[in-house]
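Only one structure is covered here, and it is reproduced in the block below.
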Amino acid sequence: MSSRPVLFVTRELPALAQRRLEALTEVEVRQHRQITAIGRSDLLQAVASADGLLCMLSDKIDNELLQAANPQLKVISTCSVGYDHIDTDLVKQRGLKLGYTPNVLTDATADTTVLLALMASRRAKEALDIVHSGRGGGFSLSTGLGTQFTDKTLGIVGFGRIGCATAH
């Protein structure tokens, strides 16, 4: 049995983060090595011996989980911008530290917004459907060109983090 603190991770992480996790020597890492969500009963069992928990948006952190948790649990961190899945009042009552990842998806969401706007204006879905169906007969000046973005004005509703990143 290790004397190092135990960190339980509820999901397999993206490759770079996974390599960093596996390189940790200060903690004993235990992990649900799947890209799918851990079952509730498995999660409840795993937190019974954890000093730290790295969870996902799909993992409900509530009274049941905190009751099942190791009394030495010190920190819960969620790999998400939001933390609606965590009962923050109970976490605070228990004196636990809570981490989350603000802004982690801002640029990705802005990029996806631009991607979808360009795809819609250029009728990309229609063109992809033609190619995948084998109906494409070569280049045409009238099929699938859509509307050019050059010299157009893009209206952004809401100018919070994502709206600003989209405009940038």
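The values are calculated or read from the model by the stated rules, or taken from the named source; none is laboratory data. None of these values were measured; they are calculated from a predicted model. As a convention, Cβ positions derive from the backbone with ideal geometry for all residues, glycine included, and neighbour counts pool all protein chains shown. Just the protein is used for accessible areas: all its heavy atoms, side chains included, with ligands, DNA and RNA removed. Shrake-Rupley method; radii C 1.70, N 1.55, O 1.52, S 1.80 Å.
Observations on the model:
- Tally, over the stretch 133-168, of residues that are polar (S, T, N, Q) and within 27 Å of T109 (Cβ to Cβ): 5
- Checked against (1) assigned to a loop (DSSP other than H, G, I, E, B); (2) surrounded by fewer than 17 Cβ atoms within 10 Å (Cβ to Cβ), S80 meets all criteria but (2).
- Total residues in the stretch 125-151, condition surrounded by 10 or more Cβ atoms within 10 Å (Cβ to Cβ), in a loop (DSSP other than H, G, I, E, B) and under 35 Å from the mean Cα position of the chain (by Cα): 5
- Of the criteria (1) within 30 Å of T150 (Cα to Cα); (2) open to solvent by 30 Å² or more (accessible area, probe 1.4 Å); (3) not aromatic (F, W, Y), which one R33 fails: (1)
- Restricting attention to the stretch 97-115 and to residues that are outside any helix (DSSP H, G or I), of a type in the set (A, V, I, L, M, F, W, C) and out of contact with any helix residue (DSSP H, G or I) (no Cβ under 8 Å at 6 or more places or on another chain), the residue that is surrounded by the most Cβ atoms within 10 Å (Cβ to Cβ) turns out to be L105.
- L118 passes every criterion in (1) exposed (fewer than 14 other Cβ atoms within 10 Å of the Cβ); (2) within 19 Å of the chain's Cα centre (by Cα) apart from (2).
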